[in-house]
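Shown next, in structure tokens, is the structure this report addresses.
The values are calculated or read from the model by the stated rules, or taken from the named source; none is laboratory data. Computed from a predicted model, the values in this text were never measured in an experiment. Cβ placement follows ideal geometry from the backbone for every residue including glycine, while neighbour counts extend to all protein chains displayed. What goes into the accessible areas is simple: the full protein's heavy atoms, side chains included, and nothing from ligands, DNA or RNA. Shrake-Rupley method; radii C 1.70, N 1.55, O 1.52, S 1.80 Å.
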Amino acid sequence: MQKEKTLRFWDDFYLKEKESESRTSKEWIVQPTRDILESISSHLSEKNKDDDHHEILEHQGLNILEIGCGNSLFSLILWEYLLQTARANNTKTRINVTSTDVSSICISHNQERDEDRIKSIALSKGRGSIFRYIILNVIEPNENDDLLRKHDGILDKGCLDTFLFRSEKSKGDMHPPLLKSLLDNVHSWLKDDGKYIIFSPRSKIKAVRDYRGFSSVKRFKMQCMGDLDGKAKDNETVYMYVCVKCDSYEVGDEPFRDALKLPSDDDKCAICAMTFALFRNGEDVSGKGVKYWSRTWSGHGTHCKAKI
């Protein structure tokens, strides 16, 4: 649960931002350049290659949730880009984006700032598509039927990083309760095989790597326009993580894999199907030890780039 003091902090922060006429929006970590938008689009549509799935998309639409939007324009620009792409490809897919933040001040500001632009995009390109801003506390138990199992993709550009920073300051558990709550909510909001897309300056995110609610986690290193320290730069190193929902996991199960648990020889990488025995190439585990092999195998599963 987020403390009342934390919620007040964010309301006060965005109230000051709103009062500053020079700053109506801010893009943390990564800017919505065409390359970034294309990358997100390609991952969201990756499983659209078979005709059946394409027909399902046209019937049900594409639903995207952004968590921790702040006063960013990122998801609105993404929505417009996806609608333009769909129109250029002559597809009838409805694209619905819900952009969320815990701060009511922030959401109210975004709604007021973007009202006319949202209406204009919907009229010219929308085809029944919807964009909306709503208040959402991402670590509270959430049973809102409007969100549960409804999203093909969840976009995170700084939300997870905020909780990671707070956890590091407390120097507590490697998988603190706040992260478990966040990841379990993400899992419950995704459709089967839905994707959680994270942008972060962190080259490793152990909680994401170890979370049982993802069947695979792929990391992509990107050089792009970003803002990591309050100053926009043209060539920042940012990592995009694409996490695929594991449908067999249920909220309430043990959420994290034991990073030091030795796999069996028959265990396979979910991406390339290599067995743990083949991965070691015949080398005995006792030589380098359980700690080395368990972490190396876990790292391979996270960063494997093979294509099946």
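Label reach from LYS26 (point 7 Å along Cα→C-beta): in the stretch 1-20, amide nitrogens under 15 Å belong to 9-20.
To the nearest 10, the accessible area of GLU168 is 100 Å² with a 1.4 Å probe. In this label model, ASP145 and GLU46 are separated by 3.3 nm, measuring between points 7 Å along each Cα→Cβ vector. Using just its DSSP H runs of length 4 or more, each adding -39500 (n - 2.57), the chain gives a mean residue ellipticity at 222 nm of -12000 deg cm²/dmol after division by all residues. Checking (1) -0.72; (2) -0.59; (3) -0.49 against log10 I(q)/I(0) by the Debye sum over Cα atoms at q = 0.10 Å⁻¹ calculated from these atoms, the matching label is (2).
Karplus-derived 3J(HN,Hα) values for the stretch 271-286, using 6.51 cos²θ - 1.76 cosθ + 1.60 with θ = phi - 60°, are 9, 9, 6, 5, 7, 5, 5, 5, 4, 7, 6, x, 6, 6, 4, 5 Hz; glycine and proline are entered as x. Nearest 0.05, what FRET efficiency do PHE220 and PHE165 give at R0 = 25 Å with Cβ-Cβ as r? So, using R0 = 25 Å, E works out to roughly 0.65.
Against the main long axis of the alpha-carbon atoms of the chain, helix 159-170 sits at an angle near 60°. A 29 angstrom limit on the alpha carbon distance is what I want to check against. Which of LYS180/LYS261; LYS150/LYS233; LYS180/LYS305 exceed it? Check vs 29 Å cut-off fails for LYS150/LYS233.
The gain in end-to-end length when the ILE135 to ASP266 segment is fully stretched comes to 42.6 nm, 0.36 nm per residue minus the alpha carbon separation.
Among beta bridges identified by DSSP and lying wholly in the chain, the antiparallel ones come to about 50 percent. Sorted on the mean count of surrounding Cβ atoms within 10 Å across their residues, most packed first, peptides 189-200, 80-91, 204-215, 5-16 read 189-200, 204-215, 80-91, 5-16. Surface composition of the chain: carbon plus sulfur atoms contribute 50% of the solvent-accessible area (1.4 Å probe, protein chains only, all chains present). Relative to the longest principal axis of the Cα atoms of the chain, the long axis of helix 4-19 lies at roughly 50 degrees.
For SER215, the amide hydrogen comes within under 5 Å of the amide hydrogens of VAL244, LYS245, CYS246, counting only partners 5 or more places away or on other chains and with H modelled in the peptide plane. Full extension of the chain between VAL290 and ASP12 gives 95.2 nm of extra length, using 0.36 nm per residue less the Cα-Cα distance.
The long axis of helix 290-303 is offset from the longest Cα principal axis of the chain by roughly 40 degrees. A 1.4 Å probe run over the protein chains yields, for the chain, 53 Å² of accessible area per residue, whole-number rounding.
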